[in-house]
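Here's the structure, in structure tokens; my notes come after.
Derivation of every value follows stated rules applied to the coordinates shown; laboratory data play no part. All figures in this text were calculated on a predicted structure; none of them were measured in a lab. So basically every Cβ, Gly included, is an ideal-geometry build from the backbone, and we count neighbours across all protein chains shown.
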């Protein structure tokens with residue numbers, strides 16, 4: 001049974017451990033710490049997955065910028081981490097679904113992710129070029145994706161800019 005809840009202060013160390021184990025490096029754990037200390041952090045969108053009171057996964061949605069004629073704050077999904085021995089068990093999917101439900105309830109417009117298309121398309125993500133949204137990175141079109149939420153409006157187009165917390169990831 002997976003329990004998904006918002007992170008608490010006492011989870012910070014174990015969240016860093018989950019990210020480090022999942023990615024095999026500390027970059028993503030450091031990213032989470034930097035975002036928490038920034039104005040882009042959204043406490044109710046930093047979620048942990050627990051099995052028998054052990055934190056086995058973490059997901060973070062934070063604000064990034066979408067720039068065209070105006071600068072709009074949109075959600076960036078990063079990182080998503082699951083302890084290696086708990087991967088391929090639906091934990092990441094459960095975290096994404098829970099996060100998207102909260103984002104909808106908060107009336108957010110879109111979520112942007114850089115990730116594996118075969119995984120994220122299951123949740124309604126599509127290549128960003130479909131929405132005239134440009135990646136800030138030179139990556140294949142199919143890995144930079146957008147999921148529109150209920151508050152989506154055509155004005156959400158332009159180029160994505162990540163805050164400085166993402167430098168070095």
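Look through region 1-15, keep the residues that are in contact (Cβ under 8 Å) with a residue 24 or more places away in the chain and not in a helix (DSSP H, G or I), and return whichever of them is surrounded by the most Cβ atoms within 10 Å (Cβ to Cβ). Among those residues, the one meeting the criterion is 7. For region 115-164, filtering for residues that are within 17 Å of residue 64 (Cα to Cα), part of a strand (DSSP E or B) and out of contact with any helix residue (DSSP H, G or I) (no Cβ under 6 Å at 6 or more places or on another chain) leaves 8. Pull up region 88-114, narrow it to residues that are touching a residue at least 24 places away in the same chain (Cβ under 8 Å) and assigned to a loop (DSSP other than H, G, I, E, B), then point me to the one that is nearest to residue 26 (Cα to Cα). The qualifying residue nearest to residue 26 (Cα to Cα) is 90. If the condition is being surrounded by 15 or more Cβ atoms within 10 Å (Cβ to Cβ) and farther than 17 Å from residue 62 by Cα, then region 104-118 contributes only 117. When residues in region 41-64 are screened for being in contact with a strand residue (DSSP E or B) (Cβ under 7 Å, 6 or more places away or on another chain) and part of a strand (DSSP E or B), 16 of them pass. Among residues of region 16-33 that are free of Cβ contacts under 8 Å to residues at least 12 places away in the same chain, those with a beta-carbon under 6 Å from a residue that is part of a loop (DSSP other than H, G, I, E, B) at least six positions away or on a different chain give the pairs 20/26. Can you pull out every residue in region 88-99 that is surrounded by fewer than 22 Cβ atoms within 10 Å (Cβ to Cβ) and touching a helix residue (DSSP H, G or I) at 6+ places or on another chain (Cβ under 8 Å)? Across region 88-99, the qualifying residues are 92, 93, 97. Kindly list the number of the only condition in (1) surrounded by fewer than 23 Cβ atoms within 10 Å (Cβ to Cβ); (2) farther than 20 Å from residue 127 by Cα; (3) out of contact with any helix residue (DSSP H, G or I) (no Cβ under 6 Å at 6 or more places or on another chain) that fails for residue 83. With respect to (1) surrounded by fewer than 23 Cβ atoms within 10 Å (Cβ to Cβ); (2) farther than 20 Å from residue 127 by Cα; (3) out of contact with any helix residue (DSSP H, G or I) (no Cβ under 6 Å at 6 or more places or on another chain), residue 83 is out only on (3). Please verify whether residue 61 is under 23 Å from residue 156 (Cα atoms) and touching a helix residue (DSSP H, G or I) at 6+ places or on another chain (Cβ under 9 Å), treating the condition exactly as stated. Considered against the rule, which asks whether it is under 23 Å from residue 156 (Cα atoms) and touching a helix residue (DSSP H, G or I) at 6+ places or on another chain (Cβ under 9 Å), residue 61 comes out as yes.
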